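This report concerns only the one structure given below.
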Amino acid sequence: MVNILFKKSYQLKTFQVIPYKDLWNTKGVFTTIRVYGKFNRYILLEQHLVNFNNSLSYFSINFQLTPELIINISNKLFNKHFFYDHLLRIAVNNNIISFSLRKRPLIKKIFKGILVSYKRSNAKHKHLRYNKVLQYINSIKANSEEIIFMKNNYILEGCTTNILCVKNKKIYSPKSGFYYGTTLFFLKKKLKDIIIKKNITKIFLKQCDEILLIGSGKGVVSINHIPQIMWHKKGNSMFNHLNRIYNSLMSK
């Protein structure tokens, strides 16, 4: 069971408290931000806000999320003396803004990938028309499995993650058809654009040495095996490298 610390909803115009609504299946957007350490430690907040506000504009929602607003809400909801490793979900539609905080799951070392033929609509944005994705998420053990979407034989993204493929010490990312997450954006900057964009097929996937999942909730995860294509990882060198880069965010 997901460990929820709080759930709060507000009227968007007045910020009056209303009964909680998760806003799934409404016209709107959401983001999930990792909260780590003491009060108000938001990981990659700036990039989260850029992505979030761009999506609000795309869906013609007249609102902008700012650091000041998040801090004002946090002052009311967070315990200033608590050490956090949690995930803050923020969802907005035309009328309501909702906040919820849940404990970040501990990812298991043996992690399975599951290939599914599906592509999210408006995949470049994290919107709330997410029913199909939620069905997939609820069908697996999120701390040891991830469903990987593919369409027309091309790999796209995980349910809650971006995917990177490693072959002969080179890193590959799908060309298009996925949401460009904040963690991937951060790692790409640190790697100085050495990630190669490629149409990744199941045949290519089977040839990879490592397959990595990247996201706010999972951080950097190394897939151990994908039974459908009889693939097993051949090492951990790139995982160790990217994981060190990502974990450096926790020490700042």
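Scan region 87-105 and give yes if some residue there is crowded, with 16+ Cβ neighbours inside 10 Å, under 19 Å from Arg129 (Cα atoms), of a type in the set (Lys, Arg) and touching a strand residue (DSSP E or B) at 6+ places or on another chain (Cβ under 6 Å), otherwise no. Scanning region 87-105, I find at least one residue that is crowded, with 16+ Cβ neighbours inside 10 Å, under 19 Å from Arg129 (Cα atoms), of a type in the set (Lys, Arg) and touching a strand residue (DSSP E or B) at 6+ places or on another chain (Cβ under 6 Å), so the answer is yes. Checking Leu164, Leu134, Leu156 one by one, the residue that is farther than 16 Å from Ile107 by Cα and surrounded by fewer than 18 Cβ atoms within 10 Å (Cβ to Cβ) is Leu134 and no other.
Could you go through region 17-29 and let me know if any residue there is modelled with pLDDT of 95 or more and under 29 Å from Asn247 (Cα atoms). Among the residues of region 17-29, at least one is modelled with pLDDT of 95 or more and under 29 Å from Asn247 (Cα atoms), which makes the answer yes. Just one of the listed residues (Leu69, Leu65, Leu44, Leu56) is touching a helix residue (DSSP H, G or I) at 6+ places or on another chain (Cβ under 6 Å) and without any contact (Cβ under 8 Å) to a residue 40 or more places away in the chain, and it is Leu65. Taking region 8-27 as the range and being farther than 15 Å from Asn62 by Cα and touching a residue at least 40 places away in the same chain (Cβ under 8 Å) as the test, the residues that pass are Lys8, Ser9, Tyr10, Ile18, Tyr20, Lys21, Asp22, Leu23, Trp24, Asn25, Thr26. The sole residue among Ile163, Ile203 that is in contact (Cβ under 8 Å) with a residue 40 or more places away in the chain and aliphatic (A, V, I, L, M) is Ile163.
Across region 53-67, not a single residue is classified as surrounded by 16 or more Cβ atoms within 10 Å (Cβ to Cβ), of a type outside the set (A, V, I, L, M, F, W, C), part of a strand (DSSP E or B) and not assigned by TED's automatic domain parsing to the domain that holds Gly215. Select from region 182-201 the residues that are within 19 Å of the chain's Cα centre (by Cα) and among the aliphatic types (A, V, I, L, M) and write down the one among them that is nearest to Val166 (Cα to Cα). This residue is Ile195. Annotation note: of Phe99, Phe82, Phe15, the sole residue that is under 22 Å from the mean Cα position of the chain (by Cα) and either more than 30 Å from His225 (Cβ to Cβ) or of a type outside the set (Ser, Thr, Tyr) (or both) is Phe99.
Among the residues of region 201-216, count how many are more than 20 Å from Gly235 (Cα to Cα) and either loosely packed, with under 15 Cβ neighbours inside 10 Å or of a type in the set (Val, Ile, Thr) (or both). Lay out the reasoning, then the answer.
Step one: of region 201-216, the residues more than 20 Å from Gly235 (Cα to Cα) are 201, 215-216.
After this cut, where a residue has to be either loosely packed, with under 15 Cβ neighbours inside 10 Å or of a type in the set (Val, Ile, Thr) (or both) as well, the list is 201.
Matching residues across region 201-216 total 1.
When we screen Lys197, Lys188 for residues that are of a type outside the set (A, V, I, L, M, F, W, C) and either free of Cβ contacts under 8 Å to residues at least 12 places away in the same chain or assigned by TED's automatic domain parsing to the domain that holds Asn51 (or both), the only hit is Lys188.
The values are calculated or read from the model by the stated rules, or taken from the named source; none is laboratory data. Everything numeric here is computed off the predicted structure, so don't read it as measured data. Note: ideal-geometry Cβ built from the backbone for every residue, glycine included; neighbour counts use all protein chains shown.
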